[in-house]
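> Below is the structure I would like to discuss, written out as structure tokens.
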Amino acid sequence: QVQLVESGGGLVQAGGSLKLSCAPSGIRFSTTPMSWYRQPPGKQREMVATISSGSITKYADSVKGRFTISRDNAKNTVELQMSNLRPEDTAVYYCTADLLLRQYWGQGTQVTVSS
């Protein structure tokens with residue numbers, strides 16, 4: 001059974017930082033691309049960052065230079081370091097495991113950025 005557990009969300013002032021973590025289980029983590037998505041209130045879900053099994057990264061234009069995705073294959077974790085946060089970064093953030101035939105989602109963690 002695949003499970004993804006996110007942690008690290010919370011309330012932060014604009015300009016601040018937060019780090020989200022995701023601990024998947026039930027997958028071969030080292031060979032699985034991982035991603036972070038977010039869904040702002042009243043808006044569609046969007047991809048934030050993705051990291052391949054070889055640690056090649058890709059970011060949404062809106063977070064480039066501010067967010068960093070990383071993975072630790074020894075600890076089976078993927079993190080999203082978010083800096084210089086803006087009110088428009090307020091959203092529920094989801095971790096995903098991007099298998100070939102299916103994408104698994106975590107339950108989400110709320111990030112709220114106050115102005």
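> Which one, Ser55, Ser35, Leu85, is farthest towards the positive end of the dipole of the chain when Lys and Arg carry +1 and Asp and Glu -1 on their Cβ?
Ser55
> If you don't mind, there's one more thing I want to ask. Report, in debye and to the nearest 20, how large the dipole of the chain comes out about its Cα centre when Lys and Arg carry +1 and Asp and Glu carry -1 on their Cβ.
Dipole of the chain, to the nearest 20 debye: 100 debye.
> Next question, about the same structure. Using a probe radius of 1.4 Å on heavy atoms only, what accessible surface per residue do you get for the chain? Whole Å² is fine.
54
> Stick to the Cα atoms of region 1-42, pair each with every other, and give me the Kirkwood hydrodynamic radius in Å at one decimal.
12.6
> To continue, here is another question. Jot down the per residue volume, in cubic angstrom and as a whole number, of the convex hull over the alpha-carbon atoms of region 28-67.
Expressed per residue, the convex hull around the Cα atoms of region 28-67 is 74 Å³.
> Hey, another quick one. Given H placed 1.01 Å from N in the peptide plane, which residues other than close sequence neighbours of Thr77 have an amide H under 5 Å from its amide H?
Under 5 Å from the amide H of Thr77 lie the amide H atoms of Asp72, each far enough along the sequence or on another chain.
> Right, next: Percent of Cα-Cα pairs more than 17 Å apart in the chain, please.
Value for the chain: 49 percent of Cα pairs lie more than 17 Å apart.
> Leaving out ligands, DNA and RNA, and with a 1.4 Å probe, what % of the accessible surface on the chain is carbon or sulfur?
Working: 2970 of 6200 Å².
Whole-percent figure for carbon plus sulfur exposure: 48.
> Here's another thing I want to ask about it. Lys64: which aspartates and glutamates have alpha carbons under 17 Å from its alpha carbon, excluding same-chain residues fewer than 8 sequence positions away?
Partners found: Glu46, Glu79, Glu88, Asp89.
> Could you give each residue of region 2-7 its phi-based ³J(HN,Hα) in whole Hz, using Karplus coefficients 6.51, -1.76, 1.60 with θ = phi - 60°, and x for Gly or Pro?
8, 9, 10, 10, 8, 8
> Something else about it: Mind checking which of Gln39, Gln81, Gln103 has the largest fluctuation in a GNM of the chain, springs on alpha carbons under 10 Å?
Gln103
> Please list, ordered by chain and number, the residues whose modelled amide H lies under 5 Å from the amide H of Val48; skip anything fewer than 5 residues away on the same chain.
Trp36, Tyr37, Arg38
> What does the charge count near Pro33 come to, summing +1 for each Lys or Arg and -1 for each Asp or Glu among other residues with Cβ under 12 Å from its Cβ? Let's see the in-between values first.
Details: positive: Arg28, Lys58, Arg71; negative: Asp98.
Net of charged neighbours comes to +2.
> Any idea what % of Cα-Cα pairs in region 66-115 are farther than 11 Å?
Beyond 11 Å sits 76 percent of the P(r) for region 66-115.
> Only sites in a loop by DSSP and with at most 16 other Cβ atoms within 10 Å count here; which trypsin sites (Lys or Arg not before Pro) in region 11-115 make the cut?
Listed in order of number, the matching sites are Arg28, Lys43, Arg45, Lys64, Arg66, Lys75, Arg102.
The values are calculated or read from the model by the stated rules, or taken from the named source; none is laboratory data. Predicted model only: the values in this text are computed from it and were never measured. No Cβ is skipped: glycine too gets one built from the backbone with ideal geometry, and neighbour counts run over all protein chains shown. Protein only, heavy atoms only, side chains kept; ligands, DNA and RNA dropped before computing areas. Shrake-Rupley method; radii C 1.70, N 1.55, O 1.52, S 1.80 Å.
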